[in-house]
Every structure is written in structure tokens, then in C-alpha cells.
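Taking it in order: structure first as C-alpha cells, then the write-up.
Readers should treat all values here as calculations from the given coordinates under stated rules, not as data from a laboratory. Worth saying up front: this structure is predicted, and the values here are computed from it rather than measured. Virtual Cβ from ideal backbone geometry, glycine too; neighbours counted across all protein chains shown.
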Amino acid sequence: MKVRVRFAPSPTGPLHIGGVRTALYNYLFAKKNNGEFILRIEDTDQTRYVPGAEKYIIESLEWLNIKFDEGVHIGGSYGPYRQSERKHIYKQYAEKLVKEGHAYYAFDTPEELEAMREKLKNAGSSSQQYDSQTRGNMKNSLTLPADEVKKRIESGVHYVIRIKIPENTEVQVYDKIRGLVTVQTSILDDKVLFKSDGMPTYHLANVVDDYLMKITHVIRGEEWLPSAPLHVLLYRFLGWEKEMPEFAHLPLLLKPDGKGKLSKRDGDKLGFPVFPLNWNDPTTGELSSGYRESGYFPEAVVNILAFLGWNSGTEQEIFSMDELINLFSMEKVGKSGSKFDVNKAKWFNHQYLVAKDNLTLAELYKPFLQEKGINADINYIAEVCNTLKSRVNFAKEFWEQGPYFFIAPEEYDKTAVKKRWKEKSPEIMEMLASEFEKLNLFDLTTVEECFKEFLEKNNFSNSDVLAPLRLVLTGLAQGPSVFEIMSVLGKNKTIARMRNYKSITIS
Ligand code: GLU
């Protein structure tokens, strides 16, 4: 049987990075098994619909190179893939369940439901559910005479269809990650399957669509595990038990301290995004930052997410998408939640950054320079990137690591000046500048050799010359090799800075 999996987000806002991980694991599993990956939009709850969310989901996954075989944006032979466009499909299944005694019509008003809960609470009952204990006292097709039920439905009053959870039964769910999970039906409530607005609820639509779309594996977040027994019952009642997909509920993504689910607030507090792309909330106007705009590479984000819950079982940490597809297996997905580690995330980005060629990095850095009014030659920017790349995690950090490649320093590190700038430093700078002047070639080796000869000839120590030299060139106490900096700056700029430094006063 062809493996078919789906990612089934609800368009209620920006896609959380945990949702992206769910999509990624579905994709890896599908591709590993030569299967198909489907994007289904679960928009049955019209009250929570957020405009732009669907587009955002599609754009995010495209950016990450997580590709679908069928879906709302590309079509396929099991469409439509948006549940609101499948509205006409669900009612017949809800009614079939009623007819066969597995579901019933309920007419209770919100006030009556509230009164039931209140009464149970006051009586000290631990559960205030609509279930086998309470349904007998409510207004539904199990308690009202048949003609009254018919009359009510025909009159167009508000009603819902609820599942009739069987009493004293054990429901077993086999989960590929957790093994066998057994639940007593006494803890389940008679969930609404179909609403008065003509829409199914998530539970019914999800099961019907997974069946009709021939889904073989349901891979989703752990928060859906409590709903799985209800879904198993629906498959049974609808006579689809043989076609029931296998389940795998992925462990939660946890806050960096491991205490609870990773939230947008954690990201804001600790300075990392929890969304793939920037998101501008259409109602509040609030902007949430995304991985893309924060300078993460899509391959790095995939790599970060692959490791948040899965383990290759080897020492290797950097994996391309193809390698992940090759190695992925549900058996290597852990049971416990995975803590988000900000530094590790940055480390992954750094690994991808240093592996890029210098011209690519230069293209990424260029817009930041242009923002500062600097229009440098792309090959020069590439050399700068080459010199600085071991020190940055993101393209935007090139500037803070080496503004001196584009502007001569106007201030000099005070502590370094105090410690390293001596009375004889101006003279040494002039003497060395004269030596540099004689050079025809100004590459790394030539400059370094010239410098060493200069030390020997004049009996200067390294520290007499190198630290003051770094200061006049960069204004800083530390950075990449001074020889490398000089070879990038070139002869003219190097010599000019050695002669024209300002505001260095001898302490
Ligand atoms: N629509 C559900 C969600 O937003 C999908 C859960 C599932 O995959 O069954 O997460």
C-alpha cells in the first residue's frame, strides 16, 4: 500500500515552529517510504479563521523546501483539500452515525449546558462532561420523543450531533512512538461531531478526510493524543477500522528550561523566533519575527528541527534534506519533549554559513551595507566575508565584527590604547608604513614576511608593533589576523590608516 501522510494545519494564525517540525517529520517519513505528502487545510472552525494564515503556511514550507505532492495550493486527485470546500461531504457520515445508534441530536442551549456544569460542580462531581452519566438529563434525541426530535429539526432550531461514547469500554490506540495506549471510555465525553452552522467539528472532518484521502499514517503533535481514542471509535463506528491509519504523536517542543511548551513569549524573552517567517497580526498589528528574516538559512532550520525530537544515532549533526530522508525513522523519534536550545540553533546556522562560498555570503551582506549607504565592490565584500565568517552566525553580524573594512576607525578601544599605545608607537607606525610602501604585492604572505623582517631588523617585539597596528587599522583590541585584515584592506588604505589615525593619546 502506498504511504500517504498529511499535514493538516488550521489557519488560525502563523504556523508555530512546532507545527513546522510536524510537517517536516511527515515529509521525511513520506519520502523515506516513497510515499505521498498532502497539505490539507482544516478550516472548519470559522470563528478562529485568520486571513493570510493559509498563505503563510504555504510560503513557510516552500521556504524550507518541504514539498507537497497534493494539496490546497497544487490540487490532486483527492481534493478539494480545504475542509470548508468539503462541507457537503460530512453531514451524511454524521447522520449515518445517528441512524446506527452511535451518535445523537442534541438541542441544549448554551445556558442549559452551563446550568448542567454548574449543578454537577455544586454536587461535588469531579467531571462536568456531557457523557453517559449526564446525557439522560439533557435535551437530545435519546431523551425526547421521536416526533418531537423530528419537529425540532424541521423547524430549523439550533442543534448539534454528538457521538455516543459507549459505557465501560476500553479503547486501545497503538501509537508508533508511545506503543499501546489504553483508555477507559468513562473519561471520554460525547464530543460534538457536527455543528448547527452546517460544519463538522475537527474530529469528524479529520477522520472522514483521512479515510477518503486514503491516509495511511497520521503523524501529529502530542496534544492530539487525548483525541486519538475518539478517532479510533469513529473509525470503528463508520466501519472503517480496517482502513484506519497508524498513529504517531510527536513529543512536545519545550521551552529552553524544559518547563512547559515553547511559546512565542519564550522567543521574545530570549531573542529567538518561534515562527518560520515574520508575521504581521492582521488584527493587533503586532509583528512576530521569523527565522527567515532573522537570518537563518532554511537548511539550518530543517536541521535544527530534525534534531528536536529525532536522533540519527550517530555523531553526525549536519544533514542535508536528502540525508535526513535516507536516515529518518519513526523508531528514532523520542518519547519525551525536546528542549529548544537557542545556542545550538545558532551553531547550526553558523555551520551552514561557513560552508557557503564567499560570493554568496557577500550577496547576503550587501543589503546591510547598502542600508548604511555603503556601496562596495562585491568581490571586496566577499573577501571581507571570508575573513570574518568564522566569527559570525548570521549575515547581519558581519558589520559588527568588522565595520573597519568599510570605514576608517574614528574611535579607538580605550583599554587597548592605554595598554598598548606607547610613546614610540607613532614612530614605529611611520617606519613600518615606509616599509609597506616599498611592496609591490600586498597579499597575506608578502605582508607577513615584510612585517617579520621589520621586527628583526629593528629588534622590536611582536607586541611593540602588532597591537598598535591593529588599533590604527581597526580601532579594536581584537579581531581576525592583522595580516589578513591588511591584505583585504589593501596597501593604500593600510598605509593611510597607519599615518592618519586621530584621537589616540598616549597615556
Ligand atoms: N487541524 C489540526 C491542527 O491544527 C490537525 C491535527 C491532526 O493532524 O490531526 O493541528
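Structure summary
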quantity: Projected area averaged over orientations for the chain, convex hull of C-alpha atoms, nm²; calculated: 32.1
quantity: Folded to 0 to 90 degrees: helix 342-354 orientation relative to the chain principal axis, Cα; calculated: 60
quantity: Fraction of beta bridges assigned by DSSP in the chain that are antiparallel (%, nearest 5); calculated: 55
quantity: Cross-link table Lys344/Lys396; Lys419/Lys457; Lys2/Lys67; Lys99/Lys150; Lys119/Lys150, entries beyond 21 Å C-alpha to C-alpha; calculated: Lys419/Lys457; Lys119/Lys150
quantity: Segment 379-460: GluC sites (Glu not before Pro) falling in loop per DSSP and having at most 16 other Cβ within 10 Å; calculated: Glu410, Glu411, Glu423
quantity: Ranking of Cys385, Cys450 by count of other Cβ atoms within 10 Å, fewest first; calculated: Cys450, Cys385
quantity: Residue order, fewest to most surrounding Cβ atoms within 10 angstrom, among Ser288, Ser126; calculated: Ser126, Ser288
quantity: Surface/4 of the Cα convex hull for segment 208-251, nm²; calculated: 2.8
quantity: Ratio of Rg to Rh over segment 190-324 (Cα coordinates, Kirkwood Rh, two decimals); calculated: 1.05
quantity: Computed [θ] at 222 nm, deg cm²/dmol, the chain (DSSP H ≥ 4; -39,500 (n - 2.57); rounded to nearest 500); calculated: -13000 deg cm²/dmol
quantity: The chain: relative contact order as a whole-number percent, Cα under 8 Å and 6+ apart; calculated: 12
quantity: Above-threshold pairs, the threshold being 27 Å between Cα atoms, out of Lys191/Lys255; Lys91/Lys164; Lys452/Lys491; Lys32/Lys242; calculated: Lys191/Lys255
quantity: Global size of segment 346-403 as Cα Rg and Dmax, reported in angstrom; calculated: 10.3, 31
quantity: Overall Cα dimensions of segment 16-135 - principal axes, largest extent first, Å; calculated: 55, 33, 31
quantity: Extreme residue, positive dipole direction of segment 66-117, given options Thr109, Ser77, His88 (C-beta unit charges); calculated: Ser77
quantity: Between helix 444-458 and the chain: long-axis angle, C-alpha atoms, 0 to 90°, nearest 10; calculated: 40
